[in-house]
Amino acid sequence: MKNRRKRGVGDVVVSWRRFFPFVALFVSSFLVFSALFIFLGKFRPSIKAVHGGSVPPVMVAPVHEAVKFPDQTLILIKYYQWSSRLLTKDDLFCVFAHTNDSSKVYKELPFAVEISDPGRQIVRCSAVPRHHTVSLAVTRWTVDNRFLVGATYQWDRLVYDAVIDHDNTTVAFVKGLNLRPGKVADVSRYECVYGWDLAKPKLLLRSQVISAAQEIVRCKTPLTVLKGPRVAQSSAVKVSVRIKGSGMLPSVAHPINHPVRVKDLTYGERKQFETCVCTMTRNAANVLREWVMYHAGIGVSRWFIYDNNSDDDIVSEVKNLKNSGYNVSRHFWPWIKTQEAGFANCAIRAKRDCDWVAFIDVDEFFYIPSGQTLTQVIKKYTTPSSSSSKIGEIRTSCHSFGPSGLKDPPRRGVMASYTCRMSQPERHKSIIRPETLNTTLINVVHHFQLKEGFTFVDVEKDAMIINHYKYQVWDIFKEKFKRRVATYVADWQDKENVGSKDRTPGLGTRPVEPSDWAERFCEVRDNGLKDWVLENFVDRKTQRLVWEGERNIMVGEVVAQMGLC
């Protein structure tokens, strides 16, 4: 009998090779149906509109995490690769529920829905009221379901972004370190932490901090993270920073890896673009077309637009420019008062493709009286005077222009309209060679710190200067009172540093138009750039400036008209 039992067992043995397809089918089916079960889990909340009335059944989307700002809430949601399309603003409602009364629920439209890292979208909702939670209702689905809201973080203490640099180090961008501007911190106080779940200490990877300054921490990236998927490190791996003695900071940052490394690029090696521009802006749709087309005409070939929570038509403007051949990319950067960190992020992004990168605002325009291109000016000033002195940064002074007697926004653009300025130039702006930047990426908006062995050069004012249309007509200028983007500069409505150079002379802290605003900041009449623009940037077909009207002027037309091809 013993032998028969053994033979019986042997009789039911099936070849693993034959059995494997059935196992694979079973496992895959189980995963799919489990996902669907979770995705379609039943929960039917009673939702009431803000202004009363009934609300049709909706589906509440999976909220991964949320970040609370003073004036808005960022909702970070996952999207699934098998989804037919990404969610849009028209698909969603922001849903706010009272924590102590489930009947008090209301909804409103989001400000915008943005694409962030691969596998993640960001929804901009209003600030969460006190004693409320937030979720998202997806109106286009017929089933009403609900997902648990993930962690909600305060903005003032957070690792908010991260990127793996071309030397395989991780650069994390952090709020809450409270470091002094322009100073390098003691790295022994910090530790970088990686993990799929930062709440599980036993599963965390710890690594050395290489540098820490301002809001930027550079870490040695663990091999496990580097060997992950190239696009987004398995999209679940997070990086955080632990302050020794104070604990680990919350994080929403997934370190994104660059598909191409430029680790071995040497000084002077040519890249795809000779001259690029980085900017951070908010609600710049009205000037973006003029700014891009003009700089294309003087030799700029690549633009990186860091959008800091715009609610105008900038997305359409960028799309139109791209369709006209301009190499413009928009990068959603929702983090408030982080211009220095954003510029550091852009320097990393541009390093692969750009020989030189200018950091200017959208109301700043390079003016080269000789008619040379920006690239020609750069080459003139970057020939090393000795083998030990290499130029990594070019600094250009700025002239600040006033309203020039205007009271309404000019139709022809800023360069042809604002012609009266202050007599003395103000702070400079910089054009940098990305691979020469110090590893700390310290910058004070106007310039970066360079690696040892590299230096900067000042451009003579008669060779090139920046026309900064800083004090425009009041309707445009007053937008500056909402918030300033630099980390270490007080907002216009704050009473801190009222008399500093970062303030507008004689204006105060309230957005009240002075009676003589149109005549202020007018010491010198300067028609130089205006005359040059009217001579060189008129559309031969319409006899209007190339950025006026609705005709899409292709980049090739502008370049050909300027004689750059």
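FYI, it's all coordinate maths here, none of it is from the lab. Quick caveat: nothing in here was measured; it's all calculated off a predicted structure. Backbone-built Cβ (ideal geometry, glycine too); neighbour counts: all protein chains shown.
For the reader, a short list of remarks on this structure follows.
- Listing Lys461, Lys238, Lys175 from fewest to most neighbouring C-beta atoms within 10 Å gives Lys461, Lys238, Lys175.
- Summed residue charge, Cβ within 15 Å of Tyr418's Cβ, Lys/Arg positive, Asp/Glu negative: -2
- Charge tally in the Cβ shell below 9 Å around Ser207, where Lys, Arg are +1 and Asp, Glu are -1, Ser207 excluded: +1
- Centre separation in Å (Cα based) which lies between region 354-418 and region 276-293: 14
- Among residues other than Phe454 with Cβ under 10 Å from its Cβ, the summed charge is 0 (Lys and Arg +1, Asp and Glu -1).
- With neighbours defined as other Cβ atoms within 10 Å of a residue's Cβ, the residues Glu274, Glu435 order from fewest to most as Glu274, Glu435.
- Cross-link reach list, aspartates and glutamates versus Lys238, counting only Cα pairs under 18 Å and skipping chain neighbours closer than eight places: Glu65, Asp117, Asp161, Asp165, Glu191, Asp197, Glu215
- Stokes-Einstein diffusion of region 298-353 at 4 °C, 1.567 mPa s viscosity, Kirkwood radius from Cα pairs, rounded to a whole number: 105 µm²/s.
- Subtracting the Cα-Cα distance of His98 and Lys407 from their residue separation scaled by 0.36 nm leaves 106.6 nm.
- As a length-normalised measure over Cα pairs under 8 Å and 6 or more apart, the relative contact order of region 273-559 settles at 23 percent.
- Cα-Cα over 28 Å, subset of Lys175/Lys322; Lys351/Lys480; Lys407/Lys530; Lys78/Lys429; Lys68/Lys244; Lys68/Lys200: Lys175/Lys322; Lys351/Lys480; Lys78/Lys429
- At 1.002 mPa s and 20 °C, Stokes diffusion of region 158-257 via Kirkwood alpha-carbon radius, µm² per second: 162
- Modelled spin labels at Ser423 and Trp532, positioned 7 Å past Cα toward Cβ, are 2.3 nm from each other.
- For Cys522, Cys346, the sequence from fewest to most other C-beta atoms within 10 Å is Cys522, Cys346.
- Derived scalar couplings ³J(HN,Hα) [region 99-110; Karplus, 6.51 cos²θ - 1.76 cosθ + 1.60; whole Hz; x for Gly, Pro]: 5, 10, 9, 5, 7, 8, 10, 9, 10, 7, 6, x
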